[in-house]
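The values are calculated or read from the model by the stated rules, or taken from the named source; none is laboratory data. Owing to the predicted nature of the structure, the values given are computational and were not obtained by experimental measurement. Cβ placement follows ideal geometry from the backbone for every residue including glycine, while neighbour counts extend to all protein chains displayed. Side chains are part of the model used for accessible areas, which takes the heavy atoms of the whole protein and leaves out ligands, DNA and RNA. Shrake-Rupley method; radii C 1.70, N 1.55, O 1.52, S 1.80 Å.
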Amino acid sequence: MRTILRKIYLKYKFKMLVRKQKKCIADMAKFLAKQGVHILYVELPNASKIKGLTEFEKERISSWTFDFNQYKEELPKLKKIYGEDVTKEYIDSVFDGGVVVQGEKRRILLDFQSENQHIINGRRITVGQPKVYHNRIYTHGACTWRGTGVEDQQTIASYLQSLINVDFLNSYKVINSAIGRGSTIFDDLQCMKEQEYDAGDIVVIGSHGKAMAKISPSFFRNHGIQYIETSSAFNRPHDYGEWFNDHTLHTNHRGNKVIAALIYKALNNSKWLTSKGKKHKDKPVVTDKLTKGERIYGDNVELIKYLDSIRKYRKEDGKRINGSIVMNCNPFTLGHRYLIEYAASQVDNLYIFVVEENSSYFSFEDRFELVKKGTEDIKNVTVLPSGNFIISAVTFPGYFYKDDLKDVKIDCSNDINVFVQYIAPTLDIKIRFAGEEPLDPVTNQYNEGMKEILPQYGMEFRSIPRKKDEANIGVISASRVRKHFENGEFDEIKKLVPETTYQYLFERYNREHKNG
């Protein structure tokens, strides 16, 4: 009898929850409509609605969740999802964080930072946000929306921002307001009430559990809310590969990219997106507040630490002119050496920032050492690591996908603004140099971005013609050196790199091929 009564009680409780959520949706629609805000509801993938699931997908859906205490036992599954090279440190960096506490009015997402995940002021950062825009797109929902198990640039919000930047550059700023970890649509409504809106802003909200799944699409549409489902996009066959992580269907970077594309299509079809509107500009931050630990760049502790680490290299003589040049040096070539010699001849002090992101053929440690050895005779040069704030996966992820983005319009304003607002004042840098880029369209767009943005802050940009090789066949590029290195063509390499780089490459090649 007790079992029967309990079932009746749970059924009644579930029915009441559905009713409360319907009222919440109605209140949400009314609140946002008064401010001229568009609303899109997205039903996230539902396993019961997806056709042709694989056995591995069924296995995860029925039983499997990540257990970090049994990493070795779960490693075979993780490799299927993340690739053969996945490490425990990487898994920790994308799954740790996301701690949620109960605030006075709603659940609150606490700030967190790891190599691949940054939650600042209660929001997961969205990569590629423009500094100038006329409207905002707020995304709300649970863990999938926040980005469980993915890097900052792989969240739904970041993918959506990158799609919008192509066709509506400097028009929309996508803000990831998802909470997760047990949050509900009631928390989302309260979060919405705390945000500022302009007419034409857009709210995108995702599905929350079984009760939300019981609410029909017609209910949303009757309240002026656009509705799309995403399950059918994952019907087999498809070529996405493994598109989710565990039994709750937390989508990984592949799934997030698919969902972002569906959202973008829905927004475009609704004719909500436009390039017109009064422009907003994020206010520049006064840099002398950095040392006081005030709320700058989202109270980014990592940025403050980086600025403190380079501040000791500042040249205090006010009459001196300091310049900078940012290089990946993959590896360091005579072309890089030429650019540095020229830039150093134009200023009293030259800071060389070597890109620290380890997404290149040669490791950061090796690249950094080659630049130091290759420039140690130039007395007014200081070689520094770029940290996570100059051409990094956080500030400019497109740089590391250049081969796939040759015909795409890239938004590099975030990276340039961080440099000019925080890093340059810390070292009193007045000029930034860069080599002309006839071969790489992404880097060329970055140079054009500097040409436009730097003067707005009183900083000069100078472009340097690239050095050609002795045979005058073309510019000296690191990609040419890498190709010769892979083929073991050291006679050709010798023409393109300093002796220090040549010795490094020669020893490394022999070391890697000694058993070949």
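Just to be sure I understand, how many residues within the stretch 52-76 are surrounded by 10 or more Cβ atoms within 10 Å (Cβ to Cβ) and at pLDDT 85 or above?
Adding up the residues that qualify gives 9.
Looking at the stretch 119-135, which of its residues are modelled with pLDDT of 85 or more, open to solvent by less than 30 Å² (accessible area, probe 1.4 Å) and of a type outside the set (A, V, I, L, M)?
Arg124, Thr126, Gly128, Pro130, Tyr133, His134, Asn135
Return the total of residues in the stretch 429-468 being touching a residue at least 60 places away in the same chain (Cβ under 8 Å), open to solvent by 50 Å² or more (accessible area, probe 1.4 Å) and either within 20 Å of Ala344 (Cβ to Cβ) or in a loop (DSSP other than H, G, I, E, B) (or both). Working first, answer last.
Going residue by residue through the stretch 429-468, those that are touching a residue at least 60 places away in the same chain (Cβ under 8 Å) are 429-435, 457, 462, 464, 466-467.
Still in the list and also open to solvent by 50 Å² or more (accessible area, probe 1.4 Å): 430, 457, 462, 466-467.
Narrowing the set further to residues that are either within 20 Å of Ala344 (Cβ to Cβ) or in a loop (DSSP other than H, G, I, E, B) (or both) leaves 430, 462, 466-467.
Within the stretch 429-468, residues that are touching a residue at least 60 places away in the same chain (Cβ under 8 Å), open to solvent by 50 Å² or more (accessible area, probe 1.4 Å) and either within 20 Å of Ala344 (Cβ to Cβ) or in a loop (DSSP other than H, G, I, E, B) (or both) number 4.
Look through the stretch 352-386, keep the residues that are touching an Asp or Glu at 6+ places or on another chain (Cβ under 6 Å) and open to solvent by 10 Å² or more (accessible area, probe 1.4 Å), and return whichever of them is modelled with the highest pLDDT. Even if it seems obvious, please write down each step before you answer.
Residues of the stretch 352-386 that are touching an Asp or Glu at 6+ places or on another chain (Cβ under 6 Å), as a first pass: 364, 385-386.
Checking which are open to solvent by 10 Å² or more (accessible area, probe 1.4 Å) leaves us with 364, 385.
On the way: Phe364: 90, Pro385: 94.
Per the criteria, the residue is Pro385.
When the residues of the stretch 155-197 are narrowed to those that are under 14 Å from the mean Cα position of the chain (by Cα) and surrounded by fewer than 22 Cβ atoms within 10 Å (Cβ to Cβ), which ends up farthest from Cys412 (Cα to Cα)? Talk me through it step by step, then tell me what you get.
Applying the first criterion (under 14 Å from the mean Cα position of the chain (by Cα)) to the stretch 155-197 yields 155-163, 165, 173-176.
Adding the requirement that they be surrounded by fewer than 22 Cβ atoms within 10 Å (Cβ to Cβ) leaves 163, 175.
Numbers: Leu163: 14, Ile175: 17 Å.
Here the residue is Ile175.
Could you check the stretch 242-255 and list, in sequence order, the residues that are over 11 Å from Pro45 (Cα atoms) and polar (S, T, N, Q)? Please lay out each step first, then the result.
Narrowing the stretch 242-255 to residues over 11 Å from Pro45 (Cα atoms): 242, 245-247, 252-254.
Scanning the stretch 242-255 gives Asn245, Asn252.
Could you list, in sequence order, the residues of the stretch 239-255 that are part of a loop (DSSP other than H, G, I, E, B) and open to solvent by less than 40 Å² (accessible area, probe 1.4 Å)? Break it down stepwise before answering.
Pass one, the stretch 239-255, residues part of a loop (DSSP other than H, G, I, E, B): 239-243, 245-250, 252.
Gly241, Glu242, Trp243, Asn245, Asp246, Leu249, His250, Asn252 - these are the residues of the stretch 239-255 that are part of a loop (DSSP other than H, G, I, E, B) and open to solvent by less than 40 Å² (accessible area, probe 1.4 Å).
Mind counting the residues in the stretch 487-507 that are in contact with an Asp or Glu (Cβ under 8 Å, 6 or more places away or on another chain) and either part of a helix (DSSP H, G or I) or open to solvent by less than 80 Å² (accessible area, probe 1.4 Å) (or both)? Lay out the reasoning, then the answer.
Let us first name the residues in the stretch 487-507 that are in contact with an Asp or Glu (Cβ under 8 Å, 6 or more places away or on another chain), namely 495-496, 504.
Narrowing further to those that are either part of a helix (DSSP H, G or I) or open to solvent by less than 80 Å² (accessible area, probe 1.4 Å) (or both): 496, 504.
Summing the residues that are in contact with an Asp or Glu (Cβ under 8 Å, 6 or more places away or on another chain) and either part of a helix (DSSP H, G or I) or open to solvent by less than 80 Å² (accessible area, probe 1.4 Å) (or both) in the stretch 487-507 gives 2.
If a residue has to be of a type in the set (Val, Ile, Thr) and modelled with pLDDT under 95 to count, how many in the stretch 249-294 make the cut?
Taking the stretch 249-294 and keeping what is of a type in the set (Val, Ile, Thr), we get 251, 258-259, 263, 274, 285-287, 291.
Still in the running and modelled with pLDDT under 95: 251, 274, 285-287, 291.
Residues that pass the stated criteria total 6.
For the stretch 206-234, give me the residue count where each residue is assigned to a loop (DSSP other than H, G, I, E, B) and either open to solvent by 40 Å² or more (accessible area, probe 1.4 Å) or of a type in the set (Phe, Trp, Tyr) (or both).
First pass over the stretch 206-234, keeping only residues assigned to a loop (DSSP other than H, G, I, E, B): 207-208, 214-216, 223-225, 230.
Checking the rest, the ones that are also either open to solvent by 40 Å² or more (accessible area, probe 1.4 Å) or of a type in the set (Phe, Trp, Tyr) (or both) come to 214, 216, 223-224.
Number of matching residues: 4.
What is the one condition in (1) of a type outside the set (Gly, Ala, Ser); (2) at pLDDT 90 or above; (3) in contact with a helix residue (DSSP H, G or I) (Cβ under 8 Å, 6 or more places away or on another chain); (4) not in a helix (DSSP H, G or I) that Cys24 does not satisfy?
Single failed check for Cys24: (4).
Among the residues of the stretch 100-118, count how many are in a strand (DSSP E or B) and open to solvent by 20 Å² or more (accessible area, probe 1.4 Å). Please lay out each step first, then the result.
Going residue by residue through the stretch 100-118, those that are in a strand (DSSP E or B) are 100-102, 107-109, 112-113, 118.
Filter again for open to solvent by 20 Å² or more (accessible area, probe 1.4 Å), leaving 100-102, 107-108, 112-113.
Of the residues in the stretch 100-118, 7 are in a strand (DSSP E or B) and open to solvent by 20 Å² or more (accessible area, probe 1.4 Å).
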